[in-house]
Amino acid sequence: MQEIPHPYTTVLVWTWDTVFHCTLRETQAVQQRAEALIALCNEQGFVTHAGLATLWRDWALVMQGQAEDRIKYIQKNLAASRAAGIELLRSHALALLAEACGKTGQVEEGLTALAEALAAADKTGERWCEAELYRLKGELTLQQFKIQSSKFKVDNPQSAFRNPQSEAEACFLKAIDIVRRQQAKSLELRAVMSLARLWQSQGKKAEARQMLAGIYGWFTEGFDTKELQEAKALLQELQ
């Protein structure tokens with residue numbers, strides 16, 4: 001990454017570049033950018049941005065399966081920023097914590113983080129990642145259901161607990177509605193993929209394929225990206 005002859009402007013540019021790669025789930029790129037950002041922020045004394053960059057680096061490590069213990073550092077980082085009254089990108093940061101928790105099976109902690117993130121979004125008006133919060137809530141709800149079903153070994157887990165599949169579906173549909181109003185096509189694709197996988201597990205392959213094909217067909221470039229490749233593979237599974 002290229003530095004600009006004004007340190008704070010450089011930090012701002014690198015910050016949003018890192019957020020961009022977080023959104024694309026390009027974890028190696030996030031790690032590299034976050035480490036460069038940490039070094040620059042520490043050199044210049046930009047504490048808030050250094051904290052964010054540290055969180056992004058730790059999230060990237062967890063998602064790469066390199067350091068599950070980094071979750072506790074993410075939690076400490078968020079607690080420190082909360083104590084300092086820092087709200088910058090809080091919903092986004094909590095979403096990353098929730099995703100990392102899901103990656104390591106800490107589902108309850110992930111759902112707690114998402115509840116805080118949704119409350120933070122209401123407080124600050126930071127809505128650009130709101131759809132992702134609901135999508136992750138749906139994913140973690142399904143993950144929680146699988147864990148509970150396995151733990152209690154009930155004959156009909158749907159009746160033993162609430163109806164988690166319906167809850168997850170409602171979350172995915174809400175996420176899709178939000179991103180369609182925001183016209184955020186990449187996030188719409190991600191939310192539709194979550195819903196399509198759920199419908200696939202329920203035997204509703206035709207409905208899943210129709211919805212996924214609709215958003216996948218919108219794209220005219222970027223087919224080498226991870227998400228579009230995954231969407232293409234899922235469409236083939238749904239044939």
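The values are calculated or read from the model by the stated rules, or taken from the named source; none is laboratory data. The shown structure was predicted, so the numbers you read here are calculated from the model rather than taken from an experiment. Every residue, glycine among them, receives a Cβ derived from its backbone with ideal geometry; neighbour counts consider all protein chains shown.
May I ask you to verify whether residue 228 is over 19 Å from the mean Cα position of the chain (by Cα), surrounded by 15 or more Cβ atoms within 10 Å (Cβ to Cβ) and more than 26 Å from residue 118 (Cβ to Cβ)? So that I can check it myself, show each step before the final result.
Values: over 19 Å from the mean Cα position of the chain (by Cα): no; surrounded by 15 or more Cβ atoms within 10 Å (Cβ to Cβ): yes; more than 26 Å from residue 118 (Cβ to Cβ): yes.
No; evaluated as a whole, the condition is false for this residue.
Picking from residues in the stretch 188-228 that are without any contact (Cβ under 8 Å) to a residue 24 or more places away in the chain and among the acidic types (Asp, Glu), the one that is farthest from residue 25 (Cα to Cα) is 207.
Identify, from the list 91, 81, the residue that is farther than 21 Å from residue 174 by Cα, among the small types (Gly, Ala, Ser) and in contact (Cβ under 8 Å) with a residue 12 or more places away in the chain. Quick ask: steps written out before the conclusion?
On the way: 91 fails: farther than 21 Å from residue 174 by Cα.
Answer to the selection: 81.
Quick one: which helices (runs of 4 or more DSSP H) sit completely within the stretch 34-142 and have at least 3 residues that are modelled with pLDDT of 90 or more and more than 29 Å from residue 167 (Cα to Cα)? Walk me through how you get there before you give the answer.
On the way: elements: 47-63, 70-83, 90-103, 107-124.
Where helices (runs of 4 or more DSSP H) fall fully within the stretch 34-142 and carry at least 3 residues being modelled with pLDDT of 90 or more and more than 29 Å from residue 167 (Cα to Cα), they are 47-63, 70-83.
Among the candidates 43, 68, the residue that is of a type in the set (Asp, Glu) and surrounded by 13 or more Cβ atoms within 10 Å (Cβ to Cβ) is uniquely 68.
Inspect all residues belonging to the stretch 151-165 and state whether any of them is modelled with pLDDT under 95, closer than 23 Å to residue 110 by Cβ and among the polar types (S, T, N, Q). Scanning the stretch 151-165, I find at least one residue that is modelled with pLDDT under 95, closer than 23 Å to residue 110 by Cβ and among the polar types (S, T, N, Q), so the answer is yes.
In the stretch 213-222, the qualifying residues are those that are within 14 Å of residue 186 (Cβ to Cβ) and touching a helix residue (DSSP H, G or I) at 6+ places or on another chain (Cβ under 7 Å), and the one that is surrounded by the most Cβ atoms within 10 Å (Cβ to Cβ) is 215.
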